Amino acid sequence: MATRASALDGWLGVEAVRDARERTRDLVRHTPVLTSRSLSDECGGTVLLKAENLQRTGSFKLRGALAKVDRIAAGGGGDGPGGGEERGASPARASVVAGSAGNHAQSLAYAARARGLACEVFMPAEASLAKVAAVRGFGGTVRLGGDSVDDCVARARERARDTGAVFVHPFDDPEIVAGQATLGLELLDDVDDIATVVVPVGGGGLISGVAGAVKAARPGVRVIGVQAEACSAYPASIERGEPVEIPGGPTIADGIAIKRPGGLTLPLVREWVDELVVVSENDVAEAMVVLLERAKLVVEGAGAVGVAALLSGAILPAQRGSTVVVLSGGNVDAGVLATVALRHETAEGRRLRFFTRVEDRPGGLARLLTRIAEAGGNLVTVTHVREAVPLHLRQTGVDLLLETRGADHAAEIVAALERAGYGVELPTEGAVGRPAATGADRLEPPIPGRSA
């Protein structure tokens, strides 16, 4: 069993955090803490949002990356216990290399450019297009390949050994942790009544730093970590007392898709973090939309897990004092955001999809669309379906997607069409409170506008 002193080898102390803040002040923004009346009312406590999605490069990662790169540029980047290949780095080796899903890569490229170093990053084959483009835009060289961040980190280590570049780990490095901890200093400065801090957890660098800085000043503050269920390696690792690798899987929270906790960060999390919770993919997607609609904030999946935990009830806000949720990043592809928003619209009943049948003659579709317009529905798409469904010889099937004012309005549209004689079949049970029609119902429905 490790002693407490050895367990905290990855923590350089609060003075190192203050030093990191001074050395990175030229580029790292002091991001705002925003109030959220709607989240506070819904969750039952004072909820504040630390908008790190508004940080330069779009995530908190700039804090640690710049702290590390600044030290490397000054010739002292490899002395920490997590240094590995970067020990003995000097300005003569003016190159850094890393493995990352995107946010660390962007921040390292940005920091390296600012401090005059070359940067090369290895990113998963399925990395966000926006993140890949951003790395290249900041002057970094991108190598795509591998199924996970862990694969990319291994490739980056090998590259560092082959080229002499300085390997910069995305989280398992004392300088990185100290840099991320500057966020904790900002929370202490900005929130007088801070009672709970909710932090996304991937490798553990952010929560280790925030917890260390906050608890050094206010030991009574609760620090709660949140992981996505597809990449939740910490619960088993804490139970075992050592890093445990999990298979992992696809997740919308790709920024925290880490299969194995860090050897330095795991002991810090065990020492300082009060609770760890896990949230589902659906909860994360819903949180992204809630933040977009109510707070007008674009937040990526990894950055939204804390809000997901509050909305799902996995975490209850403090009854006294403020609960601060760290929104760790906002780097999300527009296509992903659109897909999440459309799923939300459908779940809320604002989009109604259904199948019905009309007369296969001039005016048949027009009569159906007139009924929909009279009910206040707005047509998005309509597709004729003539195969693989049971149809009368004088019928054609139509698949329609409508915009509605909500679930009640969607139900009103369905009811109006059924009163007019249309058989409405919904794709999933419960879309507007009704199951889809049975096979028997579909065989010979009446043709609207014609007597039996």
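The values are calculated or read from the model by the stated rules, or taken from the named source; none is laboratory data. The structure displayed is predicted, hence computed values, not measured ones. Reconstructed Cβ throughout: ideal geometry from the backbone, glycine too, with neighbour counts over all protein chains shown. The protein model used for the area step is the full one, side chains on, heavy atoms only, and it has no ligands, DNA or RNA in it. Shrake-Rupley method; radii C 1.70, N 1.55, O 1.52, S 1.80 Å.
Please enumerate the residues belonging to the stretch 25-54 that are assigned to a helix (DSSP H, G or I), of a type in the set (S, T, N, Q) and modelled with pLDDT of 95 or more. Steps first, answer last, please.
Residues of the stretch 25-54 that are assigned to a helix (DSSP H, G or I), as a first pass: 37-43, 52-54.
Now drop any that are not of a type in the set (S, T, N, Q), which leaves 38, 40, 53.
Those that are assigned to a helix (DSSP H, G or I), of a type in the set (S, T, N, Q) and modelled with pLDDT of 95 or more: Ser40, Asn53.
Within the stretch 235-246, is there a residue that is open to solvent by 50 Å² or more (accessible area, probe 1.4 Å), part of a loop (DSSP other than H, G, I, E, B) and modelled with pLDDT of 90 or more?
yes
Run down Val221, Val201 and say which single residue is modelled with pLDDT of 95 or more and either within 14 Å of Val324 (Cα to Cα) or in contact with a Lys or Arg (Cβ under 7 Å, 6 or more places away or on another chain) (or both).
Within the list Val221, Val201, the selection yields Val221.
Assess whether Lys296 counts as being under 26 Å from Thr57 (Cβ atoms) and surrounded by fewer than 18 Cβ atoms within 10 Å (Cβ to Cβ).
Details: under 26 Å from Thr57 (Cβ atoms): yes; surrounded by fewer than 18 Cβ atoms within 10 Å (Cβ to Cβ): yes.
Against the criterion (under 26 Å from Thr57 (Cβ atoms) and surrounded by fewer than 18 Cβ atoms within 10 Å (Cβ to Cβ)), Lys296 qualifies.
What number of residues in the stretch 343-378 are hydrophobic (A, V, I, L, M, F, W, C), within 19 Å of Ala415 (Cβ to Cβ) and without any contact (Cβ under 8 Å) to a residue 24 or more places away in the chain? Lay out the reasoning, then the answer.
Step one: of the stretch 343-378, the residues hydrophobic (A, V, I, L, M, F, W, C) are 347, 352, 354-355, 358, 365-366, 368-369, 372-373, 375.
When the remaining residues are screened for being within 19 Å of Ala415 (Cβ to Cβ), the result is 352, 354-355, 358, 368-369, 372-373, 375.
Now restrict to residues that are without any contact (Cβ under 8 Å) to a residue 24 or more places away in the chain: 369, 373.
Looking only at that region, the number is 2.
If you go through the stretch 382-402 one residue at a time, do you hit one that is under 31 Å from the mean Cα position of the chain (by Cα), open to solvent by 20 Å² or more (accessible area, probe 1.4 Å) and farther than 23 Å from Arg419 by Cα?
No, every residue in the stretch 382-402 fails to be under 31 Å from the mean Cα position of the chain (by Cα), open to solvent by 20 Å² or more (accessible area, probe 1.4 Å) and farther than 23 Å from Arg419 by Cα.
Among (1) surrounded by fewer than 22 Cβ atoms within 10 Å (Cβ to Cβ); (2) part of a loop (DSSP other than H, G, I, E, B); (3) touching a Pro at 6+ places or on another chain (Cβ under 8 Å); (4) not polar (S, T, N, Q), there is one condition Val278 misses while meeting the rest; what is its number?
Failing condition for Val278: (2).
Out of all the residues in the stretch 127-141, which are open to solvent by 20 Å² or more (accessible area, probe 1.4 Å) and free of Cβ contacts under 8 Å to residues at least 40 places away in the same chain?
Result: Ala133, Arg136, Gly137, Gly139, Thr141.
Restricted to the stretch 159-181, and to residues that are of a type in the set (A, V, I, L, M) and part of a loop (DSSP other than H, G, I, E, B), which residue is farthest from Ala98 (Cα to Cα)? Working first, answer last.
Here is the first cut: in the stretch 159-181, the ones of a type in the set (A, V, I, L, M) are 160, 165-166, 168, 176-178, 181.
This time we only want the ones that are part of a loop (DSSP other than H, G, I, E, B), so: 165, 168, 181.
Numbers: Ala165: 10, Val168: 5, Ala181: 20 Å.
Restricting to residues being of a type in the set (A, V, I, L, M) and part of a loop (DSSP other than H, G, I, E, B), the top hit is Ala181.
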